[in-house]
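Since the structure comes first, as structure tokens, the remarks are kept for the end.
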């Protein structure tokens with residue numbers, strides 16, 4: 001197996017961070033290149049489909065980070081409710097640390113470009129499905145495909161997305177912690 005492309009990963013992670021903070025439309029290729037300290041030729045070499053191709057990769061990258069975080073929290077906590085509360089604490093901390101500039105790693109991008117961009121829409125669908133599956137696995141480890149576990153997982157994702165927006169606007173992490181606590185309470189009694 002060959003070496004990982006020199007600038008590709010940095011371009012993807014940089015794009016994900018900038019899209020999260022500024023949105024897809026407001027982030028130009030030159031902004032990404034400058035922040036990633038990558039030459040312009042590398043962008044077109046790795047992403048011949050242009051910004052849309054990079055956008056889909058950035059959504060996949062950000063989605064995978066959240067999925068891995070949820071899976072790690074599941075391993076570290078005794079209950080699904082405790083893991084979700086811990087995720088809410090992490091999310092609230094990251095948002096506060098960013099000065100409330102960071103939004104959801106997906107929503108800031110997908111709200112601007114879906115459903116018009118099929119590649120970004122498909123990447124977001126996969127990412128949200130992975131989040132729901134990770135949460136359903138926390139809720140019902142023996143049967144994550146259980147309809148009740150799937151509905152609770154979907155509720156958790158929806159609550160987190162809405163709470164992130166409210167927290168960012170209010171510049172207060174309370175909506176995230178409140179949403180996680182309420183959904184965790186539902187999970188705990190299920």
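Details
- Most fluctuating residue given options 29, 176, 120, as computed from a GNM of the chain linking Cα atoms under 10 Å: 29
- With Cα atoms defining each centre, the range 91-140 and the range 8-30 are spaced 15 Å apart in the structure.
- One entry in [x] 31, 18, 14; [y] 27, 19, 15; [z] 47, 21, 14 is semi-axes √(5λ) of the Cα gyration tensor in Å calculated from the shown coordinates; its label is [x].
- Shape call, the range 84-187: gyration tensor on alpha carbons, a/c limit 1.5: oblate
- Residue order, fewest to most surrounding Cβ atoms within 10 angstrom, among 104, 180: 104, 180
- For 34, 51, order by how many other beta-carbon atoms lie within 10 Å, fewest first: 34, 51
Computed from the coordinates by the stated procedures, all read-outs in this text should not be read as laboratory data. Owing to the predicted nature of the structure, the values given are computational and were not obtained by experimental measurement. Here Cβ is always computed from backbone atoms with ideal geometry, including for glycine, and neighbour counts include all displayed protein chains.
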